[in-house]
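Worksheet: one structure, shown below.
The values are calculated or read from the model by the stated rules, or taken from the named source; none is laboratory data. Nothing here was measured: the structure is a model prediction, and the numbers come from that model. Neighbour counts are summed over all protein chains in view; Cβ atoms, including those assigned to glycine, are modelled from backbone coordinates with ideal geometry.
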Amino acid sequence: MIPVTLKTERLVLDLPVASDVEAVFEYCQDAELQRFVPVPVPYELKHAEGFVLALVPDWWANDIEYVWAIRLGFGEPLLGVVSWQVARGFIGYWPGAPHRDQGIMTDAVSRVVDWVLTVGGAPSLEWECVIGNDASAHVARKAGFTYTGVRPMVSAERHAAVPDGWHAVLLATDNRHLKPSWPA
C-alpha cells in the first residue's frame, strides 16, 4: 500500500523518514520503553536506521505493517509511533519519553483505530502489552478496547520465555465508550 497520512485536530500521522532516525535511536535508549516494547537491547543506531529506512517502507509496500510517525504538524519532529500489523490484526504504539502523559498517544491511536476499522476494512483490532504497562493499557482503554484477560504474549520476540500479557480487542461494531474490568 502507498503510505497514508492521517490527521487529528492537533497531530499529523505520516511515514517515518530519514530525519527521524536520530529520534528513534534516542527514544529507544529509554529503559521504560525497552522494558515494555520488543526492541533490541542494546539498541544501536543501525537498528533505528534499519527500522526507518528499510523495514517501514518494506512493510507498507508489502501490506505487512503500517507504521505512522506521530508529529505536531507536517515536517515536525517525531513524538512516537503507532502501527497496525495487518495479518495479525494487532495495534502497537510507543511515545518518546518526553511526550508521555500529554494525551498524544490516545489521540494518535484513536485516529489509527478509526482508519483501520473503516478505510482499512479490518473487522477487529487486537492489543496486548506486558503486564504492568499501565500507560499502554490506559491508551487502549480510552480508545475503546475491551479487556479480554491475561495470556501469553504474541509479540514477545525479544524474550527467551514468552511472558504473560494483558490483552484486549476492539470490534468494528463496538462502541468506543470506556469499558469496565480493566486491570489497575
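Pairing each residue of region 5-18 that is in a loop (DSSP other than H, G, I, E, B) with any residue that is hydroxyl-bearing (S, T, Y) and surrounded by fewer than 14 Cβ atoms within 10 Å (Cβ to Cβ), provided the two are 6+ apart or on different chains, yields C-beta distances under 8 Å for L15/T5.
Taking the criterion of being among the acidic types (D, E) and buried (at least 20 other Cβ atoms within 10 Å of the Cβ), the only residue of region 127-146 that qualifies is E128.
Scanning region 40-57 for residues that are of a type outside the set (D, E, K, R) and closer than 14 Å to V21 by Cβ yields Y43, L45, H47, A48, G50, F51, V52, L53, A54, L55, V56, P57. Here's a check for you: in region 119-171, which residue that is β-branched (V, I, T) and over 30 Å from P3 (Cα atoms) is modelled with the lowest pLDDT? Among those residues, the one meeting the criterion is V162. What residue, among those in region 51-88 that are touching a helix residue (DSSP H, G or I) at 6+ places or on another chain (Cβ under 9 Å) and small (G, A, S), is farthest from Q29 (Cα to Cα)? Among residues in region 51-88 that are touching a helix residue (DSSP H, G or I) at 6+ places or on another chain (Cβ under 9 Å) and small (G, A, S), the one farthest from Q29 (Cα to Cα) is G75.
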